[in-house]
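Visitor: One structure, pasted below without further comment.
Values quoted throughout were computed directly from the atomic coordinates according to the rules given, and no laboratory measurement underlies them. Here the structure is a predicted model, which means the values were calculated and not measured. Don't worry about glycine lacking a Cβ; one is built from the backbone with ideal geometry, like all the others, and counts go over all protein chains shown.
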Amino acid sequence: MEIDINGVGYLVFVGKKNYQTGEEVRIYTYMAVSENDISLFGFEKSEDVDLFKMLISVSGVGPKTGAQILADTKSDLVIKAIGDADVEFFQKIKGIGKKTAQRIIVDLKSKIGGLGELDLGADGEEKSDELWMSLKQLGFDKNEIEKVVKNIPDDLKSIEDKLSWCLSKI
C-alpha cells in the first residue's frame, strides 16, 4: 500500500488489508532497517505493533515473517496459539517450520503466558509433561496414551489422580 503524507509517498506492507484509494486510515508503523533494506510495516492497532516487535525478537523470525504471521490471522489468535503451545497454528503460515514455531512459543510464552505444554520431541513421541512420561515409563505406547489422556475429566487436578484414572481406563 502506498501512503501519501503531505505529498511524500511511502510504501508500507499492510498484509491482506484492502483499503480504497483516497480512503483516510490510521496506520501504526514499524520501520525495519537492515544492511540492504529499509521497510515500513503497517498495522491497524498499536497492540499489533507490540506483538510484531515480540515476534521479530525471536531468532529466525524476521520482519517479513512477523508481518506474514499477523497478516494471515488476528493478533488475539496468535497470542492464544502461543499460550496454548499450538505448533501447528504457526506451521500453517508460509515460511514457518516446526523448529521456528517451537522457538516462537518457547521465547514468547513467558512474555505472553498460557497453559499449554509444548512437545519438543524431535519425532513427536516424547511428551514434556509428567503424566505422559509416567505412562510412557510404564510401557504404554503413544496411541494408547493419546486415547486415554484426551478423555481425562476436568475435575481431576493432581497428577496422581490423573495417573490413577488413566491406568483404570487403559
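Visitor: With the convex hull built on the Cα atoms of the chain, state its orientation-averaged projected area in nm². Working shown, then result.
Guide: On the way: hull surface 51.3 nm².
The orientation-averaged projected area of the Cα hull of the chain comes to 12.8 nm².
Visitor: Something else: Is there a pair in K74/K136; K45/K99; K64/K111; K45/K92 whose C-alpha atoms are over 32 Å apart, and which pairs would that be?
Guide: Beyond 32 Å: K74/K136.
Visitor: For the stretch 1-46 and the stretch 131-170, what is the separation of their Cα centres, given in Å?
Guide: With the stretch 1-46 and the stretch 131-170 each reduced to a Cα centre, they are spaced 51 Å.
Visitor: While we're looking at this one, here's another question. Just how large is the dipole of the chain about the Cα centre, in debye to the nearest 20, putting +1 at every Lys and Arg Cβ and -1 at every Asp and Glu Cβ?
Guide: 160
Visitor: Further question on the same structure: Which whole-number percent is the relative contact order of the chain (Cα, under 8 Å, 6+ apart)?
Guide: Worked out over the chain, it gives 13 percent.
Visitor: What shape does the stretch 50-108 take by its C-alpha gyration tensor, where a ≥ b ≥ c are the square roots of the eigenvalues and a/c under 1.5 counts as rounded, a/b above b/c as prolate, and the rest as oblate? Walk me through the numbers before you get to the answer.
Guide: Working: a/c = 1.15, a/b = 1.06, b/c = 1.08.
Verdict is rounded for the stretch 50-108.
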